[in-house]
1. Scanning segment 148-196 for residues that are part of a loop (DSSP other than H, G, I, E, B) and within 25 Å of Arg376 (Cα to Cα), which turns out modelled with the lowest pLDDT?
2. Could you check segment 374-399 and list, in sequence order, the residues that are small (Gly, Ala, Ser), under 18 Å from Glu291 (Cα atoms) and over 19 Å from the mean Cα position of the chain (by Cα)?
3. Scan segment 225-238 and report the pairs whose first residue is touching a residue at least 24 places away in the same chain (Cβ under 8 Å) and whose second residue is assigned to a loop (DSSP other than H, G, I, E, B), with Cβ atoms within less than 7 Å and a gap of 6+ or a chain change.
4. Being among the basic types (Lys, Arg), under 18 Å from Leu98 (Cα atoms) and in the same structural domain as Trp114 (by TED's automatic domain parsing): is that true of Arg143 here?
5. Considering only segment 200-221, I want to know if a residue exists there that is surrounded by 13 or more Cβ atoms within 10 Å (Cβ to Cβ), touching a Leu at 6+ places or on another chain (Cβ under 6 Å) and either modelled with pLDDT of 95 or more or among the polar types (S, T, N, Q) (or both).
6. Could you check, for segment 49-65, whether at least one of its residues is buried (at least 19 other Cβ atoms within 10 Å of the Cβ) and more than 25 Å from Leu25 (Cβ to Cβ)?
7. Among the listed residues Ala386, Ala358, identify the single one that is surrounded by 16 or more Cβ atoms within 10 Å (Cβ to Cβ), closer than 14 Å to Leu183 by Cβ and outside the structural domain of Ser102 (by TED's automatic domain parsing).
8. Can you give me the ranges of the helices (runs of 4 or more DSSP H) entirely in segment 239-309 with at least 3 residues that are within 19 Å of Thr373 (Cβ to Cβ)?
Amino acid sequence: MDDMNGRNKRPRDRRSQLATIASELFQQRGYHGVSINDIAAAAGVTGPAIYRHFADKQAVLAHVLLSGLRDMEVATEAALDPARSSTPEEIRELLTGLAARSVERRDTAALWRWEGRHLAAEAQQRIRRRSTAMLSAWATVLRRKRPELSEEDAELLCWATLSVFGSVSVHRVTLSKRRFTELLTSLALRVLHADLPEPDDDEPATPPALTLEQPSRRERLLTEAAELFRKHGFAAVSMEDIGKAAGIAGPSVYRHFSSKSSLLAAIGRRAGDRVMVAADHALRTSAPRDEREALRRLAESYVRTLTGPPELLVAFSVDHVHIDEKDRPELLRIQRDYVAQWVRLLEAVHPGLETREAKIITHAALTIANDLTRTRRMAARSHLAAELTTLLHAVLDIA
């Protein structure tokens, strides 16, 4: 609507409007594929108009992610009183509220997962500090309900619960908002009620990975690239960086891979091969027609593989924006085929479970394993593999 001078009125909250538009563009093209001018064009304003609200593109991304975190903090503050013990109803109310927000704003969770590393160091630290404080509040409440838990174990369960909510960002499966919220809430409760295994010091927590004594140059490149992508993000790593880490001259890298994207696709294929081989072994060694045992072994095989070579941390949670169009269908097929094995067994174990719900449950289980092995504080736990297996079994309701 125009005012008396014929000029368009500004929206009351132009800052939030611009952040919403930028959020959509970041998801479609990736952080590095979007410029300030792109955001301005999508909003119907000029580039300088953006700078009246944000210092730079990083500030836009920080606003989006901090707004999502603030929603969770507000829900936590409203439901939990640190001065007294919360009732089961209050805890369920909190989980339901967080689940609903996850469903409503799954785009924000996706941005943190894929693009959070592009924030300025100060913004990343602020988000981590506030997230940790919120999770500490959760852990305090959980220990009041389960005094047998150590502070560290309660923290693990709360991080895994956060992964349940964050799992909505790794798939596009939809349900009605009410049912989606109910399902996520029930999965979170399964995690919080899980009984972690007692440490078994007679067994190694994580079996050593099989490696070649003298890997080929191609193998060295794949391994070093996976580690660099995991640490610094795809866009921040150059082919020269990868060659240097592998002890190979920069130009020689191109004899093996035509581009960073082709290298990333190769990492994805190799990772896919490893989880599929592990899955095949788990299924072949299970008792015939015992789907529950097969699903348990499948979960164990994923944890065992994930806590081995590092490239799975990159390949099975990679932002497909960085992969060439020609390689995406194959990698997507590998992931879908793998998830389909879980879904088929889960439906067999729980007759009557709708396929879409089985997919959501499967992704929640996989996301817990993916997230906790990438979280430094959790990955340092000496018996993480056994604990992850227990959590996956709990989410799948096969404990």
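The values are calculated or read from the model by the stated rules, or taken from the named source; none is laboratory data. Quick caveat, the model's predicted, so the values are computed rather than measured. As a convention, Cβ positions derive from the backbone with ideal geometry for all residues, glycine included, and neighbour counts pool all protein chains shown.
1. Of segment 148-196, the ones part of a loop (DSSP other than H, G, I, E, B) are 148-150, 171-176, 193-196.
Subset that is within 25 Å of Arg376 (Cα to Cα): 148-150, 171, 193-196.
Values: Glu148: 96, Leu149: 96, Ser150: 96, His171: 90, His193: 97, Ala194: 97, Asp195: 97, Leu196: 96.
Out of the qualifying residues, it is His171.
2. Step one: of segment 374-399, the residues small (Gly, Ala, Ser) are 379-380, 382, 385-386, 394, 399.
Cutting the leftovers down to under 18 Å from Glu291 (Cα atoms) gives us 394, 399.
Ala399, the sole residue that qualifies.
3. Ala226/Pro310; Glu227/Pro310; Phe229/Val237; Arg230/Pro310
4. Working: among the basic types (Lys, Arg): yes; under 18 Å from Leu98 (Cα atoms): no; in the same structural domain as Trp114 (by TED's automatic domain parsing): yes.
Against the criterion (among the basic types (Lys, Arg), under 18 Å from Leu98 (Cα atoms) and in the same structural domain as Trp114 (by TED's automatic domain parsing)), Arg143 does not qualify.
5. Taking segment 200-221 first, the residues surrounded by 13 or more Cβ atoms within 10 Å (Cβ to Cβ) are 205-206, 215, 217-221.
With the extra rule that they be touching a Leu at 6+ places or on another chain (Cβ under 6 Å), the set shrinks to none.
The answer is no, given that none of the residues of segment 200-221 is surrounded by 13 or more Cβ atoms within 10 Å (Cβ to Cβ), touching a Leu at 6+ places or on another chain (Cβ under 6 Å) and either modelled with pLDDT of 95 or more or among the polar types (S, T, N, Q) (or both).
6. The answer is no; no qualifying residue exists.
7. Values: Ala386 fails: closer than 14 Å to Leu183 by Cβ.
The unique qualifying residue is Ala358.
8. On the way: elements: 239-245, 250-253, 260-284, 291-306.
Qualifying helices (runs of 4 or more DSSP H): 260-284, 291-306.
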